[in-house]
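Report on the following structure.
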Amino acid sequence: MGWLWAIIVGFVLGLIAKAIIPGKQHSPLWLTTIFGIIGGIVGNSIARAIGIAETKGIDWGRHGLQIAAAVVIVFLGDMLYMALRGNKQRA
């Protein structure tokens, strides 16, 4: 059940990140979901490292870090996707 939850959260984080990033992103939905999963993992790791992973109530700091990490990863991942996709189209 943990993997299913990670996919759902990654999907939502990826979509939020795509909505925050200005302009059009070209990566497919499955890749955006993977980027969102990675962003969630990175955000959790950062929250754990600074000691805010487990708090009473809603973990706003952890969720903010997850979204921030997802935005960065979706942005960089989309740039990499377009670079690789562009090179394949030229060949």
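Counting only heavy atoms of the protein chains, get the accessible area per residue of the chain (1.4 Å probe) and round it to a whole Å² value.
67
Take the alpha-carbon centre of the stretch 48-81, take the same for the stretch 9-40, and report the distance between them in whole Å.
The two parts, judged by their Cα centres, are 12 Å apart.
(1) 60, 36, 28; (2) 54, 27, 21; (3) 71, 32, 23: which one is Cα extents along the principal axes in Å as calculated from this entry?
So the structure-derived entry is (2).
Can you give the angle from 0 to 90° between the axis of helix 29-50 and the longest principal axis of the chain, with both taken from C-alpha atoms, to the nearest 10?
Once rounded, one gets 40 degrees.
With all protein chains present, how much of the accessible area of the stretch 1-85 (probe radius 1.4 Å) comes from carbon and sulfur, to the nearest whole percent?
77
The values are calculated or read from the model by the stated rules, or taken from the named source; none is laboratory data. This structure is a prediction, so every number in the text was calculated from the model and none was measured. For accessibility, only protein heavy atoms count, side chains too; no ligands or nucleic acids. Shrake-Rupley method; radii C 1.70, N 1.55, O 1.52, S 1.80 Å.
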